[in-house]
Amino acid sequence: MPNVVAEHADRLVDQFREMVLVREFETRVSSLFEDNELPGFVHLYIGQEAIATGACWGLKDDDYITSTHRGHGHSIAKGLDPDRMMAELFGKETGYCGGKSGSMHIADVDQGMLGANGIVGAGPSLAVGAGLSIQQNDEDRVCLSFFGEGAMAEGVVHESMNLAGVQDLPVVFVCENNQYGEMTPAQDQHSVEGFEARGDVYDMPAETVDGMSVQSVHDAATRATERARNGGGPSLLICETYRYHGHYEGDPMVYRTEAEVEEWRERDPVDTLESSLLESGHVDGDDVAAIRAEASERIDEAVEFARASEYPDPESAFEGVYSEEL
Amino acid sequence: MPEKSMRNAINDALSEEMQRDDSTYLIGQDVGEPGGSFAVTRGLYDEFEEGRVIDTPISEAAIVGSSAGAGMTGSRPIAEIMYADFMGLAADQVMNQAGLFKYMFGGDVTVPITIRTVNGGPGANAAAQHSKSLHGLFMHMPGVRVVLASTPHDSKGLLKSAIRCDDPVVFFEHMELYNREAEVPEKSYKIPLGEADVEREGDDVTVVATQKMFYHARDVAEQLAGEISVELINPRTVKPLDTETLVESAKKTGRVVVADESVVQNGPASYIAERIQQEAFYHLEAPVEVVGVDDTPIPFSPPLTEAVVPDDEDIETAIRDMPRV
Ligand SMILES: Cc1ncc(C[n+]2csc(CCOP(=O)(O)OP(=O)(O)O)c2C)c(N)n1
């Protein structure tokens, strides 16, 4: 790792900064939720930060992503504004969707973010659609589709991967294996161990990477997106990771042990990156403290923005169902 | 009589029916050891021998499709789909499979399956993909029975009948009603499918209300007592619909409000109103009024949700706006 760190130090510092921001956003959401400031329910990304950051790093503004119910990290990595994300979580009119989406459906199509999604397995089919648009219009774009390993059991995910393969679409399927689908361990939900074989059956390159290492995710995602951009068709990326919090905030987590969580925490994507950066000498303790403080201030601002924003006009609830009056 | 939550009443029905009939089994996501997403199946995994309570991957189409296949081949599966919204992924298995077989195969086969699923969520700000009331979709499918669970007492009795029914039944629970407690008899009892319940008798106006709207309507009826006499009816089963009870009441009061949390357009409340208007036309003082969601997805933000989803105020307004002689 030291050589790699030295070679990519500037990028890694920037990636560290973004991952810290995601962690800070999620940590704050957790406490806001506990304090009953946020309606609905939230699924947090803490532990998985290296995947969104590593995978989206090489994307251009006009590339696309599809996301999941656990989508805050993907949104930040795709360049969405924490102010408007936080406002959406509060249900305020300044939120990305004017208070209509909440945590589970944040989208900004102009920014290439085709939506967090409350339906497990829906994202990959939408990504195939984006891939078809790109192909139809001969555009230089790709679509990254994030989904949990649990979604691998949905028929529509298989159909989508197959269609992407048949049509040679510029889509990268990014499976985040955080070991559990709700309360059930991954190994009880899939008859074949590991997910690389899923790439083989749809004739697409598949790679399993350490999802706790932003460098590994970055490298593999770069290979896959370059392939997609150059007409090489879809790929499957499997990122091994872990979510520290419950499936949703408030989940009693009876299905796993504290020891297991601790074991994964030792590989924490943010802390391990911090240590390697410190070790390499590219940053010192002050730099790290500054980065962390900056993230914390940025999220303070986002929370202030959200709190100060107004709730939407109730009448707006009935607007925007259709694109035109008939 | 002891009080029980709707959650526990449903759990009792499952347990009793699974004890009674070896051909039953439970299948769904997290229904086994974890006890279900809404803790409805808690304890059943330990109560029954291995294989009777099956945890599945996230595969709605296979959960319902396999139930249709098992139903045809001697089993009596009870499937759980976590939210009605996710029934979209399993719609084919009801619409083109389970619901059709008896008729399409010439009458020789039965598909005795129960699909438990969950309406609601707007009150919990669960937003557009976790909040819909979707029984209307399944009311539209020939060969399929549709039951709405509203009270702990009814839920238990209706679910037992649903499980014993030889037709596919989609049994809709409601996310915001699981904690409701009410008296539930300890002894085993069934409530036949297709019988409405007159919860409260009255003379001025009939309110037909389902699930969460039933509770809103009950509160309103109580508040209006002395001023307007409300007859409150819970249809309990919407397919078959107990038109007779509804029409009888409509003839008596001459005014009817139907309140249901689904989208109004082409939905269950509109259908119920149509049946009543058809059969009680000459007895009505006014067109039947319908309360529901006005062709809008369920938004997230509390003020938006409140605007879209009907509550007691909407029911009261509908009652007060009825012309009175
Ligand atoms: C179609 C559908 N089925 C079930 C659910 C309920 N549900 C929400 S998240 C989840 C687990 C998803 O697991 P995974 O895809 O691995 O993502 P993770 O939560 O681990 O990030 C389930 C079953 C849903 N939202 N949509």
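For n ≥ 4 DSSP H runs only, could you compute -39500 (n - 2.57) per run for chain B, divide by its residues and tell me the 222 nm figure to the nearest 500? Mind dumping the intermediate values first?
Working: 11 runs with 111 residues, N = 325.
Taken over chain B, the calculation gives -10000 deg cm²/dmol.
Contact residues in the range A:19-46 (at least 30 Å² less accessible area with all protein chains than alone, 1.4 Å probe): A:P39, A:G40, A:F41. Helical content of chain A, expressed as a calculated mean residue ellipticity at 222 nm, amounts to -14500 deg cm²/dmol (DSSP H runs of 4 or more residues, -39,500 (n - 2.57) each, divided by residue number, nearest 500).
Per-residue Karplus couplings for the range A:42-59, computed as 6.51 cos²θ - 1.76 cosθ + 1.60 with θ equal to phi - 60°, are listed in order as 10, 10, 9, 9, 4, x, 9, 4, 5, 6, 4, 5, x, 6, 8, 3, x, 6 Hz, Gly and Pro entered as x. The residues neighbouring A:T257, those whose beta-carbon lies less than 13 Å from its own, together hold a net charge of -2 under the Lys/Arg +1, Asp/Glu -1 convention.
Buried between B and A is an accessible area of approximately 2600 Å², summed over both sides with a 1.4 Å probe.
Looking at the protein assembly as shown, what % of its DSSP beta bridges pair antiparallel, to the nearest 5?
Roughly 20 percent of the beta bridges in the protein assembly as shown run antiparallel, per DSSP.
Surface composition of the range B:197-320: carbon and sulfur make up 41 percent of the accessible area, probe 1.4 Å.
A straight Cα-to-Cα reach below 16 Å connects A:K78 with the lysines A:K60, residues fewer than 8 places away in its own chain not being considered.
At an R0 of 35 angstrom, the distance between the Cβ atoms of B:D321 and A:E315 translates into a FRET efficiency of 0.95. Amide hydrogen proximity for B:V118: with H placed 1.01 Å from N in the peptide plane, the residues at 5 or more positions away or on another chain lying under 5 Å are B:Y83, B:A84, B:E173.
Expressed as a whole percent, the accessible area of the range B:3-183 that falls on carbon and sulfur atoms is 48 (1.4 Å probe). Structural descriptor for the range B:197-320: relative contact order 28 percent, calculated from alpha carbon pairs under 8 angstrom and at least 6 residues apart.
Kindly state, to the nearest 0.05, the FRET efficiency for A:Q187 paired with B:E313, given R0 = 45 Å and r defined as their beta-carbon distance.
For R0 = 45 Å, the calculated efficiency reads 0.35.
Positive contributions from Lys and Arg (+1) and negative ones from Asp and Glu (-1), summed over other residues with Cβ under 11 Å from the Cβ of A:M212, come out at -4. If you wrap a convex hull around the Cα atoms of chain A, how much volume per residue is inside, in Å³? Roughly 139 Å³ of hull volume per residue. Per-residue 3J(HN,Hα) values for the range A:125-134, derived from phi via the Karplus relation 6.51 cos²θ - 1.76 cosθ + 1.60 with θ = phi - 60°, read 5, 5, 5, 5, x, 4, x, 5, 4, 4 Hz in sequence order (x marks Gly and Pro).
Note every residue of the range B:43-68 with a reduction of at least 50 square angstrom in accessible area, all protein chains present versus the isolated chain, computed with a 1.4 Å probe, or write none. So the qualifying set is B:P57, B:I58. The HN-Hα couplings worked out from phi for the range B:131-147 by the Karplus form 6.51 cos²θ - 1.76 cosθ + 1.60 (θ = phi - 60°) are 9, 6, 9, 10, 4, x, 4, 7, 5, 8, 10, x, x, 10, 8, 10, 10 Hz, whole numbers, x standing for Gly and Pro.
Once you have the Cα-Cα distance between A:E279 and A:A9, take 0.36 nm times their residue separation minus that, and quote the gain in nm to one decimal. Display every interim value, and only then the final one.
Numbers: separation 270, 0.36 × 270 = 97.20 nm, distance 1.14 nm.
Residue separation times 0.36 nm, minus the Cα-Cα distance, leaves 96.1 nm.
One Cα centroid belongs to the range A:201-233, the other to the range B:44-85; the line between them spans 36 Å. Relative contact order, whole percent, for chain A stands at 24, derived from Cα pairs under 8 Å and 6 or more residues apart. Residues of the range A:139-165 buried by at least 20 Å² of accessible area upon assembly of all protein chains, compared with the chain on its own (1.4 Å probe): A:A153, A:E154.
In Å, the Kirkwood hydrodynamic radius of the range B:43-140 over pairs of distinct alpha carbons? Present the calculation step by step, with values, prior to reporting the outcome.
Numbers: mean 1/r = 0.0686 Å⁻¹.
14.6 Å is the Kirkwood radius here.
Diffusion coefficient of the range B:3-183 by Stokes-Einstein, Kirkwood radius over Cα pairs, 25 °C, 0.890 mPa s: 154 µm²/s. For the pair A:D138 and B:Y189, label points projected 7 Å from Cα toward Cβ lie 7.4 nm apart.
What separates the Cα centres of the range B:205-220 and the range A:11-55 is a distance of 42 Å. Rg and Dmax of the range A:1-138, based on Cα coordinates, read 15.7, 49 Å.
In this rough spin-label picture, where each label sits 7 Å from Cα along the Cβ direction, the B:F281-B:D46 distance is 6.1 nm. Between the alpha-carbon centres of the range B:135-172 and the range B:247-325 there is a gap of 22 Å.
Relative contact order (percent) for chain B, with alpha-carbon contacts under 8 angstrom and 6 or more residues of separation? Each step should come with its number before you reach the end.
On the way: 743 pairs, mean separation 51.7, N = 325.
Taking the mean separation of contacting Cα pairs over the length of chain B, I get 16 percent.
All other residues whose Cβ lies under 11 angstrom from that of A:V166 are scored, Lys and Arg at +1 and Asp and Glu at -1, for a net of -3.
Taking only protein heavy atoms into account and a 1.4 Å probe, give the accessible area per residue of the protein assembly as shown in Å².
On the way: 25730 Å² over 651 residues.
In whole numbers, the protein assembly as shown has 40 Å² accessible per residue.
Take every DSSP beta bridge whose two residues both sit in the range B:197-320; close to 25 percent of them are antiparallel.
Taking all protein chains in place and a 1.4 Å probe, what share, in percent, of the accessible surface of chain A do carbon and sulfur account for? Show your work: numbers first, answer last.
Details: 6140 of 13340 Å².
It is 46 percent, rounded to a whole number.
Hey, got the average number of other protein chain Cβ atoms within 10 angstrom for residues in B:291-302? All intermediate terms of the calculation are to be shown ahead of the outcome.
Numbers: counts 0, 0, 0, 3, 3, 5, 4, 2, 14, 15, 19, 6.
Mean shielding by partner chains, rounded to a whole number: 6.
Would you kindly give the portion of the calculated P(r) for the protein assembly as shown that falls above 33 Å, as a percent of all Cα pairs? Present the calculation step by step, with values, prior to reporting the outcome.
On the way: 107969 of 211575 pairs.
Result for the distance tail: 51 percent.
Find the percent of Cα-Cα distances in chain B that exceed 31 Å, and round it to a whole number. Distances greater than 31 Å cover 29 percent of the Cα pairs. Across every pair of non-identical alpha carbons in the range B:197-320, the mean reciprocal distance, once inverted, gives a Kirkwood radius of 14.3 Å.
The A:E260 and A:E325 beta-carbon pair, evaluated with R₀ = 45 Å, returns a calculated FRET efficiency of approximately 0.25.
May I ask what percent, to the nearest 5, of DSSP beta bridges between residues of the range B:104-243 are antiparallel?
Approximately 30 percent, going by the DSSP bridge assignments.
The values are calculated or read from the model by the stated rules, or taken from the named source; none is laboratory data. Computed from a prediction, not measured in an experiment: that's the story for all the values here. Note: ideal-geometry Cβ built from the backbone for every residue, glycine included; neighbour counts use all protein chains shown. Quick note on the areas: whole protein, heavy atoms, side chains included, nothing else; ligands and nucleic acids left out. Shrake-Rupley method; radii C 1.70, N 1.55, O 1.52, S 1.80 Å.
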